[in-house]
Amino acid sequence: MRYFFHVEHTKVLKDNLGSEHRDLESAKRHAVKLVSDMLAREPQTFWDADQFRVTVAEAGGLVLFTVEVIASLSPAIRRP
């Protein structure tokens with residue numbers, strides 16, 4: 001089955017090609033790996049947005065699941 005992995009952080013990156021995965025579990029593993037690889041390559045991008053989300057949909061556009069990474073700075077270190 002083809003799954004589409006749409007990325008949202010400082011901008012929205014729509015996955016118009018998708019990728020084939022044998023089942024939902026395989027797509028879930030791929031989504032987590034995609035998130036971890038992107039955050040490892042560009043960690044500042046995450047901190048610039050305070051949020052990082054991958055929404056996974058099937059070919060018809062039905063959203064199947066979302067992986068979110070959210071950061072919240074402690075008030076003790078926030079800048080005014």
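Readers should treat all values here as calculations from the given coordinates under stated rules, not as data from a laboratory. Treat the numbers as computed from the prediction; the structure is a model and nothing was measured. Cβ placement follows ideal geometry from the backbone for every residue including glycine, while neighbour counts extend to all protein chains displayed.
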**Message:** Condition first: in a helix (DSSP H, G or I) and either closer than 19 Å to ARG2 by Cβ or in contact with a Phe, Trp or Tyr (Cβ under 8 Å, 6 or more places away or on another chain) (or both). Can you find one or more residues in region 52-65 that meet it?
**Reply:** no
**Complete:** Counting only residues that are surrounded by 10 or more Cβ atoms within 10 Å (Cβ to Cβ), without any contact (Cβ under 8 Å) to a residue 40 or more places away in the chain and not aromatic (Phe, Trp, Tyr), region 24-69 contains a total of 24
**Request:** Quickly run through region 1-23 and pick out the residues that are touching a residue at least 24 places away in the same chain (Cβ under 8 Å) and assigned to a loop (DSSP other than H, G, I, E, B).
**Result:** MET1, HIS9, THR10, GLY18
